[in-house]
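Below is one structure; the comments refer to it alone.
The values are calculated or read from the model by the stated rules, or taken from the named source; none is laboratory data. As the structure is a computational prediction, the values presented were derived from the model and not from experiment. Quick reminder, even Gly has a Cβ in these numbers, built from the backbone with ideal geometry, and neighbours come from all protein chains shown.
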Amino acid sequence: MSGTVKATFDKKDFLDDLGSLLAIKSTKDAAAAKEGAPFGPGPLEALEKMLELGKRDGFRTKNLQGYAGFIEYGPEDAEDYIAVLGHVDVVPATGKWAHDPFSGYVENGTLYARGAIDDKGPTMAAYYALKSLRDSGLPIKNRIRLVIGTDEESGCACMVKYNELEPMSLFGFAPDAEFPLIFAEKGRIHIRIDLAAKEEAAPVHLSAFYSGERVNMVPDYAYAVLTGAEAEKWLAAAQNYLKEKQIAFSVETQANGLKLTVKGKSAHGSEPANGVNAAFLLAGALADLPFSHSERAFIAFLAETLSGDFAGKRLGIAFRDDISGELTVNAGLVRYNQAGGGTVSLDIRCPIKAPLDQIAGTLTASVEKLGLSVGELGTEKPLYVDPKHRGVQILKQVYEDHTGEKNVKLLTSGGGTYAQYLDAGVAFGACMPNYPYTGHQVDEHVRVDDLLLAAAIYADAMYELGNLDK
């Protein structure tokens, strides 16, 4: 079905602009951060690329100290604006991809790239929707502001800064999830669990353990370095375990010991059961080795407390509600070295009704009972917008008009989006129903036609929200 705003852009132009954005390796680089580039050069380059497109096409643009920026259309003197919140930072492209993850490879109508669906593709769809609305000449009374963030994958400091510098929107949506619409997003607990190292004699030592690049990703690889008089003997035992379990691994002899690497499967941290956590695979292979007491405690925490328990039952924090389902736990970052000790960082997604402070207290007590300590602990409140809100009903109707579906069921999610930084806002697309969401995975992809449909939906949504009353 068609909507009010007619698409006025060429598919090739869309893919060319999107390809130039996908080519930018916009992962956060804290070590290279500086004034004007608070998250490193890659996220800044991607932000500047979007603002460059906005200037090219005659929109009002603004760079907010490198944290975020916006592209704006509509009456400049309008009191209110509608926020459309996209992000151009991406998680690392770990694992073995079929094609260069920054090439924007298209095959049989499917686009493969890091950021294809999370969130460069949907952000570009929103930008082309804004162009279509402008070209339509249809009147709107609110400004439409496409906000470009650069730190969504690593803490959303960009949106904290945005809200410090800019007034709150009347309503908004984040094109960073799934259709038809997500009106509730789980709260979060981020915790870093520490284990101090101790000098203890043992026939084999865990010199190092490393897994994960972002706390909100399921790690797809992990490695350990073994040292000590019996390292070779116990490495053979670990290899036998991996062979029996049919787990892919490799071994490398290094100057500092014997390195054992295993492969898992990446997935979004909000759905840890959809991946295969490589840290758990490796810990299972090392669980029976005669390490020192502290080294055994570290491996046991992974292999016995966390492995296979995505609901947090062994930690005593399992919780479920009737709105957003079950609490989930992802062990996204695991580090150990013999001199400094170990850390495990958990990304915990909590249902809408979950008592965050109570769960955090129980979690702390469980960790300390195991002889570990809490290094860092933070909570984020959940998002909930009444499904009867006028803005929600507008987006629902626009989606139904374009797809021909009727009485669609609105969704909840374990994922978190920029909508949480709005007084009133939801997540709206761009992944279509019955198509896998591949953000944070190897060979992340999206159908090109789905992005084009999303652009058409967003154009009508911008028009209708552009005339939303207070």
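Specify the residue that is surrounded by the most Cβ atoms within 10 Å (Cβ to Cβ); the eligible residues are those in segment 63-76 that are farther than 18 Å from Ala455 by Cα and in contact with a helix residue (DSSP H, G or I) (Cβ under 8 Å, 6 or more places away or on another chain).
The extreme case among them is Ala68.
Which residue, of Leu206, Leu282, Leu242, Leu286, is within 24 Å of Val442 (Cβ to Cβ) and buried (at least 21 other Cβ atoms within 10 Å of the Cβ)?
Leu282
Considering segment 333-351 alone, what residues qualify as being part of a loop (DSSP other than H, G, I, E, B) and modelled with pLDDT of 95 or more?
Pro351
Would you mind telling me which numbered condition in (1) under 24 Å from Asp449 (Cα atoms); (2) within 20 Å of the chain's Cα centre (by Cα); (3) hydroxyl-bearing (Ser, Thr, Tyr) Ser132 fails?
The number of the failed condition is (2).
Could you go through segment 237-251 and let me know if any residue there is among the acidic types (Asp, Glu), out of contact with any His (no Cβ under 7 Å at 6 or more places or on another chain) and closer than 22 Å to Gly95 by Cβ.
Within segment 237-251, none of the residues are among the acidic types (Asp, Glu), out of contact with any His (no Cβ under 7 Å at 6 or more places or on another chain) and closer than 22 Å to Gly95 by Cβ.
Among what's in segment 77-112 and is among the small types (Gly, Ala, Ser) and assigned to a loop (DSSP other than H, G, I, E, B), pick the residue that is surrounded by the most Cβ atoms within 10 Å (Cβ to Cβ).
Among those that are among the small types (Gly, Ala, Ser) and assigned to a loop (DSSP other than H, G, I, E, B), it is Gly104.
Looking at segment 280-301, I want the residues that are more than 20 Å from Gly332 (Cβ to Cβ) and have a partner that is of a type in the set (Asp, Glu) with Cβ atoms under 7 Å, at least 6 apart or on another chain. Which pairs are those?
Listed by first residue and then by second, the contacts come to Ser292/Glu200; His293/Glu200; Ser294/Glu200.
Residues in segment 1-34 that are without any contact (Cβ under 8 Å) to a residue 12 or more places away in the chain and in a loop (DSSP other than H, G, I, E, B): how many?
2
Asp119: within 26 Å of Tyr399 (Cβ to Cβ), of a type in the set (Asp, Glu) and crowded, with 20+ Cβ neighbours inside 10 Å, yes or no?
Yes, satisfied.
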